[in-house]
1. Considering amide H positions built from the backbone, and no H for Pro or chain starts, which residues 5 or more places from T50, or on another chain, come under 5 Å of its amide H?
2. Between K108 and M36, what is the label-to-label distance in nm when each label sits 7 Å out along the Cα-to-Cβ direction?
3. Could you grab the relative contact order for the range 3-105? Cα pairs under 8 Å, six or more apart, rounded to a whole percent.
4. At what distance in nm do the modelled label points of L52 and K74 sit from each other, each positioned 7 Å from its Cα along Cα→Cβ?
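Taken together, the values in this text are just the output of simple stated rules run on the coordinates, not laboratory data. These numbers were taken from a predicted model, which means no experiment stands behind them. Glycine also receives a Cβ, built like all others from the backbone with ideal geometry; neighbour counts cover every protein chain displayed.
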Amino acid sequence: MPHCIVEHSSSLNSEILVPLVFSGALKSELFEADGMDIKVRAIAYQSYLTGLEKSDFVHVVLKILSGRTPEQKKMLSKSVLSALQKLELQNCSLTVEVMDIDRSSYSKSVS
């Protein structure tokens, strides 16, 4: 059920990033085997700073329901990072973060 939010510099193509993040989440084997519960969306930024020189970046936030172990979260993070590293981007920061969604307050409706 992860919500995967891909934030990136606008010079990078989200049509390439989104499938890679999906693939990394799927390979973690923490979610449905067919990937039907994995949701990925991207936000491209035109205005940003990355230190003193502007360089490309990809930051992925993986929001998952609480209850996973620290080891599972680390493995998920590394799986998504590994998928992104296949792009072999130059002068680009790649970061991945896993955040818990509180199960007791999460609501969902599908129609």
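1. Excluding prolines and chain starts, which carry no amide H, the hits are S55.
2. So the label points at K108 and M36 sit 1.2 nm apart.
3. So the answer I get is 35 percent.
4. 3.4
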